[in-house]
């Protein structure tokens, strides 16, 4: 007997037809079965256009194995498609334009980091938490921005996972310290550079029109490693926004990013804040400010871009305890909660998109019956 609901999961093949989040999709499938949802994973490469069907991947919970079957397009789709490279970008753009009217998504697409910064700046409550950000327009303007803020980050407008990020900061002695991660997330070790060397050092990065320059928030712990916080804000089974959880991430030594994919370590939010501020009242104030900001961001982004199911919100807390908004991620990972041992938070992080999907499906069915 078929489950009453179907949910498509849109993904993208990496090399050798591998899927980046197969472990997560398996957990979605297992929890989905308990909730009466059949999860069908597919990519733009799995479509038979003449038959108007997909060769879906589904998890057989009895055998514990992934299997394939031909199936009609599921009406509702959970978009987990992270495309790396121009070819995949073209594939997903073509797919969306071709099947846009046929499918309903749990989330609408967002925009790049620069456009997102511009939009978030329109909201007064959010704007005060945004680091100063400009488009890269040349090394002369970059150096002026660096002298003003003392520490800056160069970030790809459309990058994910900490790829291609450069940090420049003024040192106590002469010159500047430059370090970062290349496009493959490999750490670029710290190197001292002088002002006249900066244009040459950046010449191979193809920064024009592709990068933003952002004020750096002091994020170094006592041992020199950087840290930040990942907050997961999701819709629940009533279609309402709720903060599922927030955890700290500490980067490896010599890294300018804290992403888990890049070797970062997960730490409970409270543990990390107490380590820095040693004052429980101060920590509670910071948490309250962070949670209020997270809810504001989720509601405002949905206002601007249409329905969303979840957002990963990257936050920083400066040495005075002020909360800063670093980034909004529309396709967040949730492994940070597994790594800190918060089993119930991790379970919620997996099941909430399913609960929200069921809520949407039931609501649509109810409206059909009434009409």
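The values are calculated or read from the model by the stated rules, or taken from the named source; none is laboratory data. Here the structure is a predicted model, which is why all the values come from computation and not from measurement. Here Cβ is always computed from backbone atoms with ideal geometry, including for glycine, and neighbour counts include all displayed protein chains.
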task: All but one of (1) crowded, with 21+ Cβ neighbours inside 10 Å; (2) closer than 28 Å to residue 29 by Cβ hold for residue 297, so report the exception by its number.
output: (2)
message: Would you confirm, using the coordinates I've provided, whether residue 211 is at pLDDT below 95, within 20 Å of residue 114 (Cα to Cα) and buried (at least 22 other Cβ atoms within 10 Å of the Cβ)?
response: yes
Residue 308 modelled with pLDDT of 95 or more and surrounded by 17 or more Cβ atoms within 10 Å (Cβ to Cβ): yes
- prompt: Does any residue of segment 247-269 turn out to be closer than 22 Å to residue 356 by Cβ and either over 16 Å from the mean Cα position of the chain (by Cα) or not assigned by TED's automatic domain parsing to the domain that holds residue 20 (or both)?
  reply: yes
- prompt: Could you say whether any residue in segment 276-289 is in contact with a strand residue (DSSP E or B) (Cβ under 7 Å, 6 or more places away or on another chain) and modelled with pLDDT of 95 or more?
  reply: yes
statement: Those residues of segment 168-189 which are under 17 Å from residue 226 (Cα atoms) and either surrounded by 15 or more Cβ atoms within 10 Å (Cβ to Cβ) or touching a residue at least 40 places away in the same chain (Cβ under 8 Å) (or both) amount to 168, 169, 170, 177, 178, 179, 180, 181, 185, 187, 188, 189
statement: Those residues of segment 200-226 that are in contact with a helix residue (DSSP H, G or I) (Cβ under 7 Å, 6 or more places away or on another chain) and farther than 19 Å from residue 130 by Cβ come to a total of 1
message: Regarding segment 228-240, can at least one residue be identified that is more than 17 Å from the chain's Cα centre (by Cα), free of Cβ contacts under 8 Å to residues at least 24 places away in the same chain and under 30 Å from residue 363 (Cβ atoms)?
response: yes
- request: All but one of (1) at pLDDT 95 or above; (2) under 28 Å from residue 359 (Cβ atoms); (3) surrounded by fewer than 18 Cβ atoms within 10 Å (Cβ to Cβ) hold for residue 329, so report the exception by its number.
  value: (1)
message: I'm told residue 205 meets every condition in (1) in contact with a strand residue (DSSP E or B) (Cβ under 6 Å, 6 or more places away or on another chain); (2) surrounded by 16 or more Cβ atoms within 10 Å (Cβ to Cβ) except one. Can you identify the failing condition by its number?
response: (1)
query: Looking at (1) within 17 Å of residue 105 (Cα to Cα); (2) surrounded by fewer than 18 Cβ atoms within 10 Å (Cβ to Cβ), which is the one condition that is false for residue 357?
result: (2)
- request: Select, from 370, 364, 304, the only residue that is under 21 Å from residue 106 (Cβ atoms) and outside the structural domain of residue 270 (by TED's automatic domain parsing).
  value: 364
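Results for (1) under 21 Å from the mean Cα position of the chain (by Cα); (2) surrounded by 18 or more Cβ atoms within 10 Å (Cβ to Cβ), shown as yes or no for each residue.
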{"residue": "13", "(1), (2)": "yes, no"}
{"residue": "41", "(1), (2)": "yes, yes"}
{"residue": "50", "(1), (2)": "no, no"}
{"residue": "53", "(1), (2)": "no, no"}
{"residue": "94", "(1), (2)": "no, no"}
